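Before any comments, here is the structure.
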Amino acid sequence: HTSGTALPALLRTAPTCDDAVAIEGSVCGAGGAAVVARVLAPDASEAVASGEAADPAQEGSCPAGLAGSAACLAAAEHASAAKRPRDGAVPGGEVGASIPRATIIAQELEELRGLSQLYRERISLLEELQATLADGVASGALPGRLPLAHVRLLQEPLPQLSDLAGVEEIQAAAAVSDYLVSKAVVRQEEEIAAIAFLPLRNTRTASAAPSGQVAMPTTLLVASQLDGTLRLFTPSGELATTFVAGHDTPLAHVAVSPLHDEYVIATSDVGGIIRVHKVSVKQRRISKEDRQARKSSVVDKLSQHLGSQVNVTVQFNRRFRVPNGTEGVPINVTAIAMASQQGTKYFVVGDVDGNFTIFTRNGTMHARFTSGNPHPIESLSVHLGSVVFISRGSWGFVDLEKMEARRVVCPRFEGTVLTAMVDSQQQARVLVSDNAGDIWVFNTQNKRQCKIEHRFPRNTAWAPVDLASIRGFALALTPRSSAAGGRSVLSALNMSHVGKKRDDLARAVPTVVWRRHGPPVRDWAVHKRYLQGDLVVLLSEDGLEIEFFEVLMQVYIQPQDDNFGNFKLPVFAVATVLVLGYQYVKGKGAFDPELSEGMS
């Protein structure tokens, strides 16, 4: 686009076919200069493209050499027409002259017709320029002596500008080292298959532990191996204990209790056997004999606080099995989770046939129903009383109250769901990632109705994407991304954009807070903590390295407007006067006749 004041000067300096100095790497083609000039200024005459421009001071006249030409006469007619007064207007602009009038709709229609005509002319000129460029490249005669670099730029296929418009939105706003801190790296001698966090009781206090006591951990990391061996680690990466699940076949799935009142780990194998283990966590204390031996020892003493201060023990609780299928064939378990509904704890088991089997805490089978999809249950995600399942691209909720599965279909969403989980801040929101790597936020009222509440910009993450929710943010992990050179990508997304319009000030902050590129990842786990940084653990692709991270991000909570603030002082004053008046009347006051007689 070129402004009206700069256009004449630009066209006066345009090269012509009559120039004596040739431009290296360009050839003047027939008619090419006229097309380029008309694209730059559609209202200018074709005489301008030949290198001659009319002098603004001599509008309506033709320069020497062009007198009588059709192009010059057209330009002169255009200039004289611009000076003529409009219909109904009085020349000279006398006061009181009649001005044509029209309705708002008529004026708007006239403007739209003018824009439509202008767009048609521009489209025609661009198509003519495109054809001229193609002919010039084919014949070797480039139009208007355009440099080769400009011609290549005009003909080079480029990405859609609609996709490039939001590049700034998907760029990380801060360095990952400002928010993600590596706490420990634990190397394993044997391959780890999966990891999960077992939440422990949270005292919800920021005060220091009493003297002589050590603060207890708020969670334990459960690392499982295919041979049935499980290791428990503290958040600092210290090994707390190791135990064997006791399965005869390879271990397939591990589930942990999401509640803090009981620490339970459930393991299942490929044969449908489920074993429940109860975990006990206490502070390690020295016995009286050991304390006495320390006092009487003459060897260099070591502090009793060195080493693990947590005593973790695991005890086998019970064993039960998923019933066989209709033909007596053992059910292949594909997913397992632990959930609670109105104080009752359940084991939710999904199988390869798309069915759910619900067991109570004591191992009794409570219900069995289908998901409505004959494909395997791929994953189960639990948050409080909400259980979300995924089965071959479809998703839904498991209703533990009515013992049924509800598939959810969102209008205007046609992708294949890879990950679905409930937002940790609002249970009506569900975070979803599809096979294209796009991240969606759905609003589900009563776990039946669904509507799209937000969609993060394209290329915010790359498929396949796994999601986790922390306070105010969503974490997106791509275990291995070809777009990142085969490395993993962990991103923190700002959830303050959800539910806001594009012109809302809340969306002025970047979408991606930080992004970390690292080695490929097999599995990961996220744990939210109170008054502490959240924990993120990544398991390397070979299963031989576990790295602990702490997420140091805080959410700004805007203070609520106190609409009652201006009335507080008057209300308190009136209330004080009423209370004093009530006490005065109740005590009969200084003007009570009986009180006056007593004083006399």
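The values are calculated or read from the model by the stated rules, or taken from the named source; none is laboratory data. This one's a predicted model, so the numbers in the text were calculated from it and none came from an experiment. Note that each Cβ is placed from the backbone with ideal geometry, even for glycine, and that neighbours are counted across all protein chains shown. Note: areas computed on protein heavy atoms with side chains; ligands, DNA, RNA excluded. Shrake-Rupley method; radii C 1.70, N 1.55, O 1.52, S 1.80 Å.
Taking the criterion of being open to solvent by 100 Å² or more (accessible area, probe 1.4 Å), among the aliphatic types (A, V, I, L, M) and at pLDDT below 85, the only residue of segment 571-592 that qualifies is V585.
Residue pairs whose Cβ atoms lie under 9 Å apart, separated by 6 or more positions or on different chains, with the first residue in segment 486-511 and within 16 Å of Q554 (Cα to Cα) and open to solvent by 50 Å² or more (accessible area, probe 1.4 Å) and the second among the aliphatic types (A, V, I, L, M) and outside any loop (DSSP other than H, G, I, E, B), are P510/I170.
Within segment 241-275, the residues that satisfy the criterion of being open to solvent by less than 20 Å² (accessible area, probe 1.4 Å) and either in a loop (DSSP other than H, G, I, E, B) or over 21 Å from R321 (Cα atoms) (or both) are A245, S257, G272.
Take the conditions (1) out of contact with any helix residue (DSSP H, G or I) (no Cβ under 9 Å at 6 or more places or on another chain); (2) part of a loop (DSSP other than H, G, I, E, B); (3) open to solvent by 30 Å² or more (accessible area, probe 1.4 Å); N459 misses just one of them, which is (1). Each residue in segment 220-253 was checked for being farther than 18 Å from I336 by Cβ, acidic (D, E) and over 33 Å from the mean Cα position of the chain (by Cα), and 1 of them qualify.
Quick one: which residue in K402, K451 is of a type outside the set (S, T, Y), modelled with pLDDT of 90 or more and out of contact with any strand residue (DSSP E or B) (no Cβ under 9 Å at 6 or more places or on another chain)?
On the way: K451 fails: out of contact with any strand residue (DSSP E or B) (no Cβ under 9 Å at 6 or more places or on another chain).
On inspection, the qualifying residue turns out to be K402.
Out of curiosity, is G415 under 30 Å from T326 (Cα atoms), in contact with a strand residue (DSSP E or B) (Cβ under 7 Å, 6 or more places away or on another chain) and of a type in the set (G, A, S)? Criteria not met by G415. P479 meets all of the listed conditions (1) open to solvent by 10 Å² or more (accessible area, probe 1.4 Å); (2) more than 24 Å from W395 (Cβ to Cβ) but one, namely (2).
Candidates in segment 435-446 are the residues that are surrounded by fewer than 20 Cβ atoms within 10 Å (Cβ to Cβ) and not in a loop (DSSP other than H, G, I, E, B); of these, the one that is nearest to the chain's Cα centre (by Cα) is W440. Within segment 535-552, take every residue that is farther than 16 Å from R231 by Cβ and surrounded by fewer than 19 Cβ atoms within 10 Å (Cβ to Cβ) and give me the one that is farthest from the chain's Cα centre (by Cα). The qualifying residue farthest from the chain's Cα centre (by Cα) is D542.
Taking T234, is it open to solvent by 60 Å² or more (accessible area, probe 1.4 Å) and either of a type in the set (S, T, N, Q) or at pLDDT 95 or above (or both)?
no
Kindly indicate the residue of segment 116-134 that is among the charged types (D, E, K, R) and free of Cβ contacts under 8 Å to residues at least 60 places away in the same chain and also nearest to E156 (Cα to Cα) among those meeting that condition. Among residues in segment 116-134 that are among the charged types (D, E, K, R) and free of Cβ contacts under 8 Å to residues at least 60 places away in the same chain, the one nearest to E156 (Cα to Cα) is E127.
Annotation note: Cβ proximity below 9 Å between a residue of segment 251-265 that is within 16 Å of V387 (Cβ to Cβ) and a residue that is outside any strand (DSSP E or B) and modelled with pLDDT of 85 or more (sequence gap 6+ or interchain) occurs for V256/Y263; S257/Y263. Would you point out the residue of segment 475-489, among those that are outside any loop (DSSP other than H, G, I, E, B) and either over 19 Å from V441 (Cβ atoms) or aromatic (F, W, Y) (or both), that is modelled with the lowest pLDDT? Checking each candidate, the answer is S481.
Out of curiosity, is A194 modelled with pLDDT of 85 or more and within 23 Å of the chain's Cα centre (by Cα)? Taking the combined requirement at face value, the residue does not satisfy it.
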